[in-house]
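In what follows, a structure is listed as structure tokens, so that the remarks can point back to it.
The values are calculated or read from the model by the stated rules, or taken from the named source; none is laboratory data. Given the structure is predicted, the values throughout are model-derived calculations rather than measurements. FYI the Cβ positions are ideal-geometry reconstructions off the backbone, even for glycines, and counts take in every protein chain you see. The area values use the complete protein model at the heavy-atom level, side chains included, leaving out ligands, DNA and RNA. Shrake-Rupley method; radii C 1.70, N 1.55, O 1.52, S 1.80 Å.
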Amino acid sequence: MKTGPAVRWWAPGDWNAFFGLALDNLSLFVILSSLLIGVFGFPADLVLRVMVPGTALGVLVGDLAYTWLAVRLMRRTGRDDVTAMPFGIDTPSLFGIVFGVLGPALTITRDPILAWQIGMGVTVAMGAIKLVLAFAGDWVRALVPRAALLRSIAGVALLLIAFLPSLRIFADPLVGIVSLTIVLAALVGHRRMPWGVPGALVAVLAGSAIYWGRWALASAAAAPAPHPALAVGAIGLALPVPTLSWLGAFNATLSYLPLAVPFALATVVGGIDNTESAIVAGDGYRTRDILLTEALATMAAGCCGGVIQNTPYIGHPAYKAMGARAGYTLATGLVIGVGAAVGIVSLLVALLPDAAVAPILVFVGLQITAQAFLASPARHAPAVAVSFIPAVAALVLIEGNQLLASAGRTATDLAGEGRVAWAALLVLGNGFIVTALLWGSALVAIIEQRLRVAGAVLAVGALATLFGVIHSPLPDGAVFWPWAWAGATPARVAAGYGVAAAVLLLLGDGPASRGAGPASPDRSRT
């Protein structure tokens, strides 16, 4: 058995793996910062000196833990070809939290500190959920299949992750379309870039070169002046500091917790799948260790100002095929954690234009959406598509609030049909992730002729509606006690779910109607 210095924790393959994993994480931090500052107007100092370093701390903790787990496995097995699990911030929940928690909280409260505290509280809650579920991973995987969770975030992927960044691309088409074309050619078309440089890096560099080259030419033709964005990118020490200030926003955080549950579940199921993938590739990690690490890293991030959860990344076999060992996760954790604390991310936010980075998000959104369809049987395609409906409402709410704010108005200024339409958008869009999960699950059960199961799912929807977990009519999507709510909307929506559930229960399970294909078992459980 090899011990101590004989353990080969670094190999030449770690270089390529490091650049891939580090670039992936760095691009997400740049995107996070750009969205919070550029779209919602969070103060740059709060984002770059508090939120980013706190979130990066979670990446550092997780990567260090995964490095140690890999070295421990090397020593236990006597093998020197063990590859560490890749780790970083979770892409789907980044957009879910930004557009479902942080942005709406700031829009409603006009208080960036309170919105940040709500984001911290939601992050800590996601970590706590994952901590509990880490000891029941197999049960969670059986109860909530990965395909079901993928269906629920398909709408988020296409409408928030892909569509909203597309607006940035076409706001600066010379930069954005060129970068998007390179991303699609390299990552979708699998076209090898010159000298084997990663396609995402080529796209960002090409777009940035066009952006800064255009600015240099314009500056040469006029009086030279520093670019205003460079003021944001000042290097400075910003250490993540533990804080319990999120406890003071506990009541305000409650209304956003329903959004945290499906994202936390998705990373737990994903962590189980990724661990199984690593085992198949030859690295026998314990599922509980992998899940506990992501849970504790997420809680550490939330308690130090972070606002996005962490997760093990898909692709362990790919990193293993590169010849990576444990060095690439160690290097990534140090670069991300230390880099955020000394202002490197702040500098990148200034140097990388939104239109050059946005195409990466479009690719991510397309991949997640495609995976939602591919992970399900073809007959379940309507169940994936139905998840887009509440996500569309959430998208219109986001854009509508911004348009109203730019005009100096709020939704309360609407009248007549406009007020009625906005109220319907609130009911459909609030809690959209959970709504999509319930609708998709119910429709799969209907397709499979399991109407009693579908009825039970709709009954859960009725109960959730009475508490505002889904379809809350409040502007901030807050939850409430049924007896404390004076309006009739929750009761009417819950009644609709209840009657629909009763209809399905009365119809019962049975053969499909004439002309329909035979029912077959649900093979979407992966």
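Remarks
- Criterion: on the phi > 0 side of the Ramachandran plot and open to solvent by less than 30 Å² (accessible area, probe 1.4 Å) - qualifying residue of Gly327, Gly416, Gly343, Gly333: Gly343
- Matching residues, the range 185-204, being part of a helix (DSSP H, G or I), surrounded by 13 or more Cβ atoms within 10 Å (Cβ to Cβ) and modelled with pLDDT under 90: Ala186, Leu187, Val188, Gly199, Ala200, Leu201, Val202, Ala203, Val204
- Identity of the residue in the range 419-444, among the small types (Gly, Ala, Ser) and free of Cβ contacts under 8 Å to residues at least 60 places away in the same chain, that ends up farthest from Ala381 (Cα to Cα): Ala421
- Qualifying residue in the range 451-464 (condition: surrounded by fewer than 18 Cβ atoms within 10 Å (Cβ to Cβ) and in a loop (DSSP other than H, G, I, E, B)): no
- Count - residues of the range 304-317 that are out of contact with any Pro (no Cβ under 7 Å at 6 or more places or on another chain), closer than 19 Å to Thr91 by Cα and open to solvent by 20 Å² or more (accessible area, probe 1.4 Å): 1
- Of the residues in the range 425-434, at least one is within 22 Å of Ala372 (Cβ to Cβ) and surrounded by fewer than 23 Cβ atoms within 10 Å (Cβ to Cβ).
- Any hit, the range 44-51, residues being over 19 Å from Gln117 (Cα atoms) and in contact (Cβ under 8 Å) with a residue 24 or more places away in the chain: no
- Looking across the range 1-34, just one residue is open to solvent by less than 60 Å² (accessible area, probe 1.4 Å), modelled with pLDDT of 80 or more and over 22 Å from Val202 (Cα atoms), and that is Ala11.
- Within the range 239-264, being out of contact with any Asp or Glu (no Cβ under 9 Å at 6 or more places or on another chain) and open to solvent by less than 30 Å² (accessible area, probe 1.4 Å) holds for Ala249, Thr253, Pro258, Leu259, Ala260, Pro262, Ala264.
- Residues within the range 465-480 that are hydrophobic (A, V, I, L, M, F, W, C) and not in a loop (DSSP other than H, G, I, E, B), tallied: 1
- Residues of the range 265-292 that turn out to be in a helix (DSSP H, G or I) and open to solvent by 20 Å² or more (accessible area, probe 1.4 Å), as a count: 11
- Selection within the range 173-184 - farther than 14 Å from Leu366 by Cβ and either open to solvent by less than 30 Å² (accessible area, probe 1.4 Å) or at pLDDT below 85 (or both): Val175, Gly176, Ser179
- The range 443-469: number of residues that are among the small types (Gly, Ala, Ser) and within 24 Å of the chain's Cα centre (by Cα): 3
- Taken over the range 361-402, the criterion of being open to solvent by 20 Å² or more (accessible area, probe 1.4 Å), assigned to a loop (DSSP other than H, G, I, E, B) and of a type in the set (Gly, Ala, Ser) is satisfied by Ala375 alone.
- Yes/no for Val47 being farther than 24 Å from Thr67 by Cβ, at pLDDT 90 or above and within 22 Å of the chain's Cα centre (by Cα): yes
- Qualifying positions in the range 49-100 - assigned to a loop (DSSP other than H, G, I, E, B), crowded, with 22+ Cβ neighbours inside 10 Å and among the charged types (D, E, K, R): Asp90
- Within the range 336-357, residues that are modelled with pLDDT of 85 or more reach partners that are surrounded by fewer than 19 Cβ atoms within 10 Å (Cβ to Cβ) and not in a helix (DSSP H, G or I) with beta carbons closer than 9 Å, at six or more positions or on different chains, in the pairs Ala341/Leu237; Ala341/Leu239; Val342/Ile235; Val342/Gly236; Val342/Leu237.
- The residues of the range 391-423 that are modelled with pLDDT of 80 or more and in contact with a Phe, Trp or Tyr (Cβ under 6 Å, 6 or more places away or on another chain), listed by number, are Ala391, Ala394, Leu414.
- Some residue of the range 13-33 being in a helix (DSSP H, G or I), among the polar types (S, T, N, Q) and more than 22 Å from the chain's Cα centre (by Cα): yes
- Test: residue in the range 424-432 that is modelled with pLDDT under 90, in a loop (DSSP other than H, G, I, E, B), small (Gly, Ala, Ser) and over 26 Å from Phe250 (Cα atoms): no
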